[in-house]
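Asks: Encoded as structure tokens, here's the structure I'll be asking about.
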Amino acid sequence: MDFVKSLSIAATGLRAQAGRMRVIAENLANANSTASSTGGDPYRRKVPTFEAKFDRELDAQTVSLGRIQRDTSEFQNRYEPGHPAADARGYVRYPNVNSLIEAADLKEAQRSYEANLNVVTATRRMITKTLDLLRT
Amino acid sequence: MATFTVINPKLTMAPADCARIGAVLCRLKGRSMILNDVPLVGMLKTRMGWLEDRQRVLAQNVANADTPGFRTRDIEPLDYRKAVSQPPPQKTTLALTNPEHIAATASGDSDRYGRPRVKTSEIRPSGNAVVLEEEMMKVAQNQIDYQAATSLYSRSLGLIKTALGKSR
């Protein structure tokens, strides 16, 4: 039945978006994770990637979370002389996580997730209609 | 030819009618799904199959809403005239003129996962051309169309039941 295929495709979308949300949550949680001693690198922001993969069985392009890459942009510097990870000039390197960007990404992931859920709901209604034919 | 028994021997019938009923019964025996012979029901089945396919292509669009470089796909709209002129979808088959031949089952629809749509309303910098709102509208439309098709289908079955005198 093709509807089951539609459901499976939507499920890959749900899984990918959920994985993306997990990465975003990780970034947000570590927004203030500095190194514990001088010279160490703080947390580096992770960037989720999506890959379209042709699924022979489903006969469609499914989506999956690709390699999670690292954001190579500069760390933020904050003047905190008393911090254990502060350098000689009193600056501490903070992660390159911008919570505003993460919040926007989270919103987008949520929107895409809901869209996939919508497809699941619509497909389930269509399956119900098909099964209703048996009752006539 | 299939054999059939006359249920009511007293029933008088014109030879032409007899032949017609015989043909119907032959079809009854030869086919797994007799309902395909009723043009309307056969067409509705084709329509439902098309909507099912489209749902899969739309699910693919939505799932890939954030995949870089993905273009929206859709399938060819169902041709009403073609559907009317040939109710059951005709499969292309090769003639086997030699027992050594291998039967080939080629299906007419070559592009089953949809072709990229030429007209795109917006392409994001990542090369992704999926507009979620548009896709949601299409999914909703598809669902409504499917509902219409199934209701018509059950109504047609009701008609046949009425004709058979089984409705209450």
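The values are calculated or read from the model by the stated rules, or taken from the named source; none is laboratory data. In this text the structure is predicted, and so the values were computed from the model without any measurement. With ideal geometry, Cβ positions are generated from the backbone for all residues, glycine too; neighbour counts draw on all protein chains shown. SASA here: full protein model, heavy atoms, side chains in, ligands and nucleic acids out. Shrake-Rupley method; radii C 1.70, N 1.55, O 1.52, S 1.80 Å.
Asks: Expressed as a whole percentage, what fraction of the accessible surface of region A:14-136 belongs to carbon and sulfur atoms when a 1.4 Å probe is rolled over the protein heavy atoms?
Replies: Whole-percent figure for carbon plus sulfur exposure: 49.
Asks: Would you mind getting me the FRET efficiency between A:Glu80 and A:Thr49? Use the beta-carbon distance for r and R0 = 30 Å, nearest 0.05.
Replies: Approximately 0.35, to the nearest 0.05.
Asks: Can you list the residues in region A:49-85 whose accessible area drops by at least 30 Å² when all protein chains are present, compared with the chain alone? Use a 1.4 Å probe, heavy atoms only.
Replies: Those residues are A:Phe50, A:Ala52, A:Asp59, A:Gln61, A:Val63.
Asks: I'd like the residues of region B:127-152 whose 1.4 Å-probe accessible area shrinks by no less than 50 Å² going from the isolated chain to the full set of protein chains.
Replies: At a threshold of 50 Å² (probe 1.4 Å), the residues of region B:127-152 that become less exposed are B:Leu132, B:Met136, B:Gln143, B:Tyr146.
Asks: If you line up the long axis of helix A:99-132 against the longest principal axis of chain A, both from Cα atoms, how many degrees apart are they, to the nearest 10?
Replies: Once rounded, the angle reads 10 degrees.
Asks: Hey, another quick one. Going by alpha carbons, how many degrees (0 to 90, nearest 10) lie between the helix axis of A:2-29 and the longest principal axis of chain A?
Replies: 10
Asks: From the phi angles alone, apply the Karplus equation (6.51, -1.76, 1.60; θ = phi - 60°) to region A:72-88 and give each ³J(HN,Hα) in whole Hz, x where the residue is Gly or Pro.
Replies: Ordered by residue, 3J(HN,Hα) equals 8, 5, 5, 6, 8, 10, 10, 7, 9, x, x, 6, x, 9, 5, 7, 4 Hz.
Asks: Something else: For chain A, with a Gaussian network of springs between Cα atoms less than 10 Å apart, report the residue from A:Leu100, A:Leu117, A:Leu65 with the top mean-square fluctuation.
Replies: Comparing A:Leu100, A:Leu117, A:Leu65 in a Gaussian network model of chain A, the most mobile one is A:Leu100.
Asks: Chains A and B: buried accessible surface, both sides, probe 1.4 Å, rounded to 100 Å²?
Replies: For chain A against chain B, roughly 2800 Å² becomes buried.
Asks: So if R0 is 45 Å, what FRET efficiency would A:Glu108 and A:Leu133 give, r being the distance between their Cβ atoms, rounded to the nearest 0.05?
Replies: 0.70
Asks: Counting only heavy atoms of protein chains, what accessible area per residue, in Å², does chain A have with a probe of 1.4 Å? Spell out each step's value before the answer.
Replies: Working: 7810 Å² over 136 residues.
Per-residue value: 57 Å².
Asks: While we're on this one: Could you tell me the relative contact order of chain A? Use alpha-carbon pairs under 8 Å, at least six residues apart, and round to a whole percent.
Replies: 31
Asks: Order A:Leu131, A:Leu14 by their accessible area, 1.4 angstrom probe, all chains in place, largest first. Don't jump to the answer; show the numbers that get you there.
Replies: Details: A:Leu131 100, A:Leu14 30 Å².
Correct descending sequence by accessible area is A:Leu131, A:Leu14.
Asks: What Rg and what Dmax come out for region A:2-135 when only alpha-carbon atoms are used, in angstroms?
Replies: Spelled out, the Cα radius of gyration and Dmax of region A:2-135 are 21.5, 79 Å.
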